[in-house]
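Everything below concerns the one structure shown next.
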């Protein structure tokens, strides 16, 4: 599933979901990513790609880095609420929003959507990663995933940082017809990718980020960015690896 061309659309959808959360908008502001939100998009790509296609060692290191990075941020949102980046509940919500975004993009834009059973299995696979990242609990079915997100709709609120990040996201996106063929990264920063992601997010997220609502289907998306997605139908790891020594190469006591 993560090797499909719908994945970049899901990653950017997840980015929009996070930016609508005041805590993550504050993190984006504190890290300087509000001025360059594509850096967060790349960060999410690395997390998804390495935990899917990388070695176990690289996946574990990536997960540990993500947990450490989130834990380095804490403070008060624009609405005056305290947040801690590595808070287990916040972590569970963020990973649930990411899993939902990737699944929603695949179901809308992939050539062969998952069955109900396959979708539930996908959520269960995310649960394992969520627990490793510090989430105390995580949904194990699509129904539970949607219930969690519906029950936390209050997390989507307008912030200056979130809206500025989205404005920069849209303004810095490249025009799709001009991307180079077979480019590994062009598909991540295409204007149509942003538009497709905006068409997937819930209405409360669109309102929080002041996003236009332009319904899009597979033909509308891939009819315009075929070159950007050319060759992306097979799993690939675009992140440089390895980042950790393979277990077999480590010294073990006799």
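Just so you know, all these numbers are worked out from the coordinates, no wet-lab data involved. The structure presented is a predicted model; accordingly, all values stated were derived computationally and were not measured. A quick note on method: Cβ atoms are made from the backbone with ideal geometry, for glycine too, and the neighbour counts reach across all protein chains shown.
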Check: Which distance in Å, rounded to a whole number, links the C-alpha centroids of the stretch 66-118 and the stretch 1-22?
Finding: 9 Å
Checklist line | All-pairs Cα distance distribution in the stretch 1-41, expressed in whole percent, bin size 10 Å | finding: 31, 47, 20, 3
Checklist line | Relative contact order computed over the stretch 41-125 (Cα-Cα under 8 Å; 6+ residues apart), in percent | finding: 13 percent
Notebook entry, point to check: How far apart, in nm, are two points set 7 Å out from the Cα along the Cα-to-Cβ line at residue 125 and at residue 203?
Noted result: 3.3 nm
Next item on the list: Compute the length gained on full extension between residue 115 and residue 158: take 0.36 nm times their separation in residues and subtract their Cα-Cα distance, giving the result in nm to one decimal.
Entry: 12.0 nm
Next item on the list: Using 0.36 nm per residue of separation minus the Cα-Cα distance, give me the extension gain between residue 107 and residue 31 in nm, one decimal.
Entry: 24.1 nm
Margin query: Starting from 0.36 nm per residue, how many nanometres of slack lie between residue 60 and residue 218 once their C-alpha separation is accounted for?
Written below: 53.5 nm
Check: Compactness ratio of the stretch 6-87: Cα Rg over 2.2 N^0.38 Å, N = residue count?
Finding: 1.13
